[in-house]
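The values are calculated or read from the model by the stated rules, or taken from the named source; none is laboratory data. These figures come from a predicted structure and were not determined experimentally. Backbone-built Cβ (ideal geometry, glycine too); neighbour counts: all protein chains shown.
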């Protein structure tokens, strides 16, 4: 493919006012013609060409209309009929500054062990060996245990995070260094797994992960900077032009972000979050408001607060009304009263609230807290969000539209791999699994739905997410009929959730998200026309 044409505006800090047509004709930098342009703008959904000046779209229309705007020095790019769409906006994304072994899609324990050994051999000076991305199906009986890590690395501390990041497995050396024993009590909102004899299995869930993770050496400032640069390159290669970072504040990564920003190296735009805390004090809220007022975009902006209400289905820590198959109803991390009071405080401060809520009970609690905040403050239009909302009660779906709450979902969470089919769905049981990650039901309820990836939990390849939402199959085409295929959505709907709706979720619908004159020139050219043909064509598509 040719050199990427992903983000053509170079992220200049420029006015957002569109120039008049008469003035524009002498200042057109580039025009793109002979394209198949999907604009996401309902007023003008399709076009052949567009013109760019600086970092803004000057005009979008027919070849003839746009060619009239060309000056003698205007660069003309022939799209040769390729599909051009708005830049992808990942509405739920985390920056990871740590280097680790890639355990995504480990076929079994042997595969996982081999990956860890190869990584350890390539990093002989690392004090700890870490990895991320395993699923429960990789382990016999879906029981991750320290013995599998001890077998290949008994003398170096090892800790590996499950793909959701809410649980992990430590080897015996890591547990010993962290001082975790059979007598260590479960921390608040966490669980230390033990076998039938009370011995540690090595698996840690939710806050218990921190008992070991806090002993892992932190990356240096230079490591964080280089990791951010590498991540930006990768994100841009996947057609991502905007990322909504939901890690509850940038913490020790702040210097890396500011350094790249000062260098003009931000290849994508960021919407950053701050922590959503219990009993926030005035100083907390004033700090968060000052960050929002200091960073207003279009490259970097603040304005949202992220909190955690429960865990995950795979670990049986997502808060549910009814027990999982096998027992337990999860770990709710807040009481309703605590949540109501915090939501009202952040809402009053004018901050958008993002609440991680996966189980139906946690989702219900989030909606109740947003309703309470609006009534208490007499507020509206805050666009509070439920992050993930994987297993909602069906009678809660209409409340999203009624309350103006955004459903922030992750397209790849519907990927029916072995862990999904043989752990996730089994734990839920058929009734709940039938409406888990059911993007069509959310759309049909009239909710505003924004797609994200939860990177690095899953890949931030937006095209893979689109395929999953459309086909509800793995890339290998299984299961043949799709996983609960009635929950599939169209390619166009998936594109909207990754573009226009993502912009709305960060209060940027007047700035980006559609290819409309006056908005930012954030767009991506695709190698295939994903709007036509079978879903499998999406898997062959590249950002070019």
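Results, tabulated for the structure shown:
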item: Residue in the stretch 403-412 that is under 30 Å from residue 380 (Cα atoms), in a helix (DSSP H, G or I) and in the same structural domain as residue 502 (by TED's automatic domain parsing) present; result: yes
item: Residue count, the stretch 151-192 (criterion: under 30 Å from residue 412 (Cβ atoms) and surrounded by 20 or more Cβ atoms within 10 Å (Cβ to Cβ)); result: 17
item: Enumeration of residues in the stretch 112-169 that are under 25 Å from the mean Cα position of the chain (by Cα) and within 16 Å of residue 200 (Cβ to Cβ); result: 159, 160, 167, 168, 169
item: Residue check, residue 217 over 30 Å from residue 542 (Cα atoms), more than 23 Å from the chain's Cα centre (by Cα) and loosely packed, with under 15 Cβ neighbours inside 10 Å; result: yes
item: 2 or more residues modelled with pLDDT under 95 and out of contact with any helix residue (DSSP H, G or I) (no Cβ under 6 Å at 6 or more places or on another chain): qualifying helices (runs of 4 or more DSSP H) within the stretch 432-535; result: none
item: Residue satisfying all of: in the stretch 101-111; within 17 Å of residue 161 (Cβ to Cβ) and without any contact (Cβ under 8 Å) to a residue 40 or more places away in the chain; surrounded by the fewest Cβ atoms within 10 Å (Cβ to Cβ) among these; result: 102
item: Criterion: outside the structural domain of residue 541 (by TED's automatic domain parsing), buried (at least 20 other Cβ atoms within 10 Å of the Cβ), farther than 23 Å from residue 132 by Cα and in contact with a strand residue (DSSP E or B) (Cβ under 6 Å, 6 or more places away or on another chain) - qualifying residue of 462, 471, 505, 494; result: 505
item: Residue within the stretch 244-252 that is more than 24 Å from residue 514 (Cβ to Cβ) and more than 18 Å from the chain's Cα centre (by Cα) present; result: yes
item: Some residue of the stretch 353-369 being in a helix (DSSP H, G or I), under 25 Å from residue 163 (Cβ atoms), under 21 Å from the mean Cα position of the chain (by Cα) and touching a residue at least 60 places away in the same chain (Cβ under 8 Å); result: yes
item: Residue within the stretch 123-143 that is buried (at least 20 other Cβ atoms within 10 Å of the Cβ), modelled with pLDDT of 95 or more and in a helix (DSSP H, G or I) present; result: no
item: Which listed residue is assigned to a helix (DSSP H, G or I) and more than 30 Å from residue 152 (Cα to Cα), from 211, 175, 261; result: 261
item: From 46, 83, 58, residue being at pLDDT 90 or above and touching a helix residue (DSSP H, G or I) at 6+ places or on another chain (Cβ under 6 Å); result: 58
item: Only listed residue being closer than 14 Å to residue 88 by Cα and at pLDDT 95 or above, chosen from 285, 240, 228, 258; result: 240
item: Search result, residues across the stretch 189-208 that are assigned to a loop (DSSP other than H, G, I, E, B) and touching a strand residue (DSSP E or B) at 6+ places or on another chain (Cβ under 8 Å); result: 189, 195, 207, 208
item: So residue 169, is it outside any loop (DSSP other than H, G, I, E, B) and under 16 Å from residue 214 (Cα atoms); result: yes
item: Residue in the stretch 269-277 that is crowded, with 20+ Cβ neighbours inside 10 Å, at pLDDT 95 or above and farther than 21 Å from residue 232 by Cβ present; result: yes
item: Among the candidates 235, 256, 315, residue that is outside any loop (DSSP other than H, G, I, E, B), touching a strand residue (DSSP E or B) at 6+ places or on another chain (Cβ under 7 Å) and under 29 Å from residue 99 (Cα atoms); result: 235
item: Residue pairs meeting the criteria (Cβ under 6 Å; at least 6 apart or on separate chains; first more than 30 Å from residue 484 (Cβ to Cβ), in the stretch 370-395; second crowded, with 24+ Cβ neighbours inside 10 Å and at pLDDT 95 or above); result: 373/343
item: Residue count, the stretch 414-435 (criterion: free of Cβ contacts under 8 Å to residues at least 60 places away in the same chain and surrounded by 19 or more Cβ atoms within 10 Å (Cβ to Cβ)); result: 4
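Table: residues versus (1) over 24 Å from residue 468 (Cα atoms); (2) at pLDDT 95 or above; (3) crowded, with 21+ Cβ neighbours inside 10 Å; (4) touching a strand residue (DSSP E or B) at 6+ places or on another chain (Cβ under 6 Å).
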| position | (1), (2), (3), (4) |
| --- | --- |
| 377 | yes, yes, no, no |
| 383 | yes, yes, no, yes |
| 403 | yes, yes, no, no |
| 412 | no, yes, yes, no |
